[in-house]
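Structure, as structure tokens:
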Amino acid sequence: MSNLDRFIETFLNGAVLAKYTPAILSGVWVTVELSVLIVIAGTVLGVALACIRAYRIRPVSFVIVIYADIFRALPPLVLILLAYFGLPNIGLSLSSSAVLFVILGLTLGAFAEEIVWAGITATDKGQWEAARSTGLGFGQSLIHVVLPQAVRMVIPPLTNRAIAITKMTALGTVIGVPDILNQATTAQSFSGNASPLTLAAIAYVALFLPFVILSRWLESRFSWKKG
Amino acid sequence: MSKTITSPAVRRLCEAESPAASKAGRPPILEVTGLRKSFGRLEVLKNVSLSVEKSEMVFVLGRSGSGKSTMLRCCNRLEEPDSGAILLEGQAITGREVNLDKVRRRIGMVFQSFNLYPHLDARRNITLALRKALKQPRDEADARAAAALARVGLTEKAGSYPAQLSGGQQQRVAIARAIALEPAVMLFDEPTSALDPELVGDVLGVMRELKEDGMTMLVVSHEMGFAREAADRVVFMADGRIVEQGPPEAIFTDPQHESTRAFLSRYSSAP
Amino acid sequence: MDQLVQQFFNIDIMMRAWPAIMRGLGMTLLICAVVIPLGLAGGLIAALASTAGSRWLRWPAMALVDLFRAIPPLVLLIFVYAGLPFAGLRLSPFAAVAIAFLLNNSAYYGEVFRAGLISVGKGQWEAARSTGLTQRRTLIHVILPQAIRNVLPDLISNTVEVVKLTSLASVVSLGELLHAADLARSVTYNASPLTLAAGVYLVLLWPVVRFLGRYQRRIAV
């Protein structure tokens, strides 16, 4: 058998691929579901916390900063294992998908908060002054004038970070979440063939490459500073 | 309102002690008394008192660092004075119990850098405060915005975004945004300093028309020619104090104080 | 509450796990010492290729970079570790980690460097070349220093990500910090060793994260 044939036999085996495609697809569904939930929850959390921070209530801001620092400094896998193995022993039993969602949601929330906060502080002070001088309250000025500008400004880093964190759903494999990677490694050990892994790689690329390209386009489009 | 020229002897050098007498017993629209403000160790306003009568246009001149912008910004409490009183239509606006947002709707402010909201078009720049702060329904707010834009001559730009407008147009929209609230007094903080020279005239034209419509205006600016022709009173500030004030003709042709003289000679606008 | 402390903050268990944790930390640092320089070098090459004049160089480079940014690092690692043996290439866990991380990091560092190269105005190239400096000399002495200075916060931030990424090596049983902690956890049925590992990561990375925040705010968005 030539080298190319052997390569295809090992990594692109048609029969194996066909047999395990349904399993991989169910993994795709799990990955997509989790990713969407994480992005929504994390972004909303981050924006909300950044808005709260805008009120500059010292003790509250302090807690937010501590949370953001811890979740940005720790590897998510550490937190996932901590939550998955530790929580049941104190009576809190979460499914592995729930653990993954909570930890990655909180992680994205931490990064999103810092990113949006940077956008809020970078918004021209004159915008605050103009809004307040027409009689808009602090909250109204924040929500209608400053936040829209801040968010537009930070879309590129925010998208990048969201992509990076949703890729971490692959970590769910370690605690048994039936995602793409999990299905693939199971299939690989059952079949004794590496093709499921190839399929998994292709599935991930197919899922995330569009977003990577999107974020590349966003960066070039938003490379001007806000008006 | 006629601009009377009084002789130097009659016109006092105001050393910031006495606000102008009210006309016909009505309180001045805006009255500032004993304003003091320091930034750190730098005392920027040293006991400033000023009043602006209804429909008066008061022009404030002075070198940068004289405190004129700070005084203006104290009037709607964008800067908080360290001490002193500010009365709007006879009511105090300093003090904790004052509803500052409500007060600010009675004061229109126009900034040197326009500060239009870049993510909203001209109409929505104007209606934002009308709808959220004054709680007006959409039709009413849109109508008021249209009227305001018409007054500044930019009806056709209602749907344009700030980035699509020239500097002069942006500033006129900013003026429309302020007048739509129908304020009692308008504050102008160097409204034309950031404009290309050929666009200045448009903005000054709008300001002239506002004056003719009877708007009370307090203007910090370097536009001497405009002051001479349109202002009712010119106030000169130096070193955090009001050093001299009076009708423009008197100030420009016969300044009493040496700071005023020095300033005017450097800026000598063609008579 | 008491249960919480027992399960997560059991000092006794933490102390017993300490030596193993420290050995794990050593391995983590070793991985970093290998993977970070390799990633930086790979990233620089990727950036130079992505900004090259010839589109035959640019497009494949950018495609590869995007490819390796789209694959989750864990998937890449498993592929290299569990997949390559099928092709007859059996790698040690360390080698698998090194290769997978090299590919992943080069893509990310590459993007940072590319932003840095772009941020240096064309005027710099023109000025340097017009004083007679060669392409290579210009790059090394004029462009790169400025590029790196412009994106230093992003480089540091990405390096923090790389350090956190080493925790993935635990999945292929490479004995770094998380692996050691998880092993202790499975032996004691107690999560405290993981808390201890978290503490070590915090000591290592929290100052950098904090410092980065202040530094980035100073040079503005």
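One table, with the values for the structure above:
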quantity: Wholly enclosed helices (runs of 4 or more DSSP H) of the range C:114-221 bearing at least 2 residues under 16 Å from the mean Cα position of the chain (by Cα), under 30 Å from residue C:59 (Cβ atoms) and within 13 Å of chain A (Cβ to nearest Cβ); calculated: C:152-165
quantity: Checklist (1) modelled with pLDDT under 95; (2) surrounded by fewer than 20 Cβ atoms within 10 Å (Cβ to Cβ); (3) among the β-branched types (Val, Ile, Thr) applied to residue A:115, failing item; calculated: (2)
quantity: Residue under evaluation residue A:37, criteria (1) over 14 Å from the mean Cα position of the chain (by Cα); (2) more than 13 Å from chain C (Cβ to nearest Cβ); (3) open to solvent by 70 Å² or more (accessible area, probe 1.4 Å); (4) not basic (Lys, Arg), criterion not met; calculated: (1)
quantity: Selection count, the range A:130-151, where residues are open to solvent by 40 Å² or more (accessible area, probe 1.4 Å) and either more than 16 Å from residue A:56 (Cβ to Cβ) or of a type outside the set (Lys, Arg) (or both); calculated: 5
quantity: Selection count, the range B:169-202, where residues are more than 20 Å from residue B:127 (Cα to Cα) and without any contact (Cβ under 8 Å) to a residue 60 or more places away in the chain; calculated: 9
quantity: The range A:1-21, residues that are under 11 Å from residue A:184 (Cα atoms) and open to solvent by 70 Å² or more (accessible area, probe 1.4 Å); calculated: none
quantity: Members of the range A:71-94 that are buried (at least 16 other Cβ atoms within 10 Å of the Cβ) and more than 7 Å from chain C (Cβ to nearest Cβ); calculated: A:71, A:76, A:79, A:80, A:83, A:84, A:87
quantity: Odd one out for residue B:262, checked against (1) at pLDDT 90 or above; (2) surrounded by fewer than 23 Cβ atoms within 10 Å (Cβ to Cβ); (3) more than 16 Å from residue B:112 (Cβ to Cβ); calculated: (1)
quantity: Among residues of the range A:166-185, those that are crowded, with 23+ Cβ neighbours inside 10 Å, more than 10 Å from chain C (Cβ to nearest Cβ) and β-branched (Val, Ile, Thr), counted; calculated: 1
quantity: Pairs with Cβ under 6 Å, 6+ apart, first in the range B:128-154 and away from chain A (no Cβ under 14 Å), second not polar (S, T, N, Q); calculated: B:149/B:158; B:149/B:176; B:152/B:172; B:152/B:175; B:152/B:176; B:152/B:206; B:154/B:172
quantity: Residue pairs meeting the criteria (Cβ under 8 Å; at least 6 apart or on separate chains; first on the phi < 0 side of the Ramachandran plot, in the range C:181-204; second open to solvent by 10 Å² or more (accessible area, probe 1.4 Å) and hydroxyl-bearing (Ser, Thr, Tyr)); calculated: C:182/C:170
quantity: Residue that is nearest to residue B:209 (Cα to Cα) [pool: residues in the range B:155-181 that are away from chain A (no Cβ under 14 Å) and open to solvent by 60 Å² or more (accessible area, probe 1.4 Å)]; calculated: B:155
quantity: Those residues of the range B:34-78 which are open to solvent by 30 Å² or more (accessible area, probe 1.4 Å), over 25 Å from residue B:182 (Cα atoms) and either of a type in the set (Gly, Ala, Ser) or touching a strand residue (DSSP E or B) at 6+ places or on another chain (Cβ under 9 Å) (or both), in sequence order; calculated: B:36, B:38, B:40, B:43, B:46, B:47, B:63, B:64, B:65
quantity: Residues that are crowded, with 20+ Cβ neighbours inside 10 Å, more than 7 Å from chain A (Cβ to nearest Cβ) and of a type in the set (D, E, K, R), drawn from the range C:58-86; calculated: none
quantity: Residue that is open to solvent by 10 Å² or more (accessible area, probe 1.4 Å) and among the polar types (S, T, N, Q), where the choices are C:192, C:173; calculated: C:173
quantity: Test set (1) in a helix (DSSP H, G or I); (2) exposed (fewer than 14 other Cβ atoms within 10 Å of the Cβ); (3) over 18 Å from the mean Cα position of the chain (by Cα) - residue A:56 fails condition number; calculated: (1)
quantity: Residue match in the range B:231-249 (condition: surrounded by fewer than 19 Cβ atoms within 10 Å (Cβ to Cβ) and of a type in the set (A, V, I, L, M, F, W, C)); calculated: no
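The values are calculated or read from the model by the stated rules, or taken from the named source; none is laboratory data. Quick caveat, the model's predicted, so the values are computed rather than measured. Ideal geometry is used to build each Cβ from the backbone, glycine not excepted, and the neighbour counts take in all protein chains shown. Accessible surface is based on the protein model in full, side chains and every heavy atom, while ligands, DNA and RNA are left aside. Shrake-Rupley method; radii C 1.70, N 1.55, O 1.52, S 1.80 Å.
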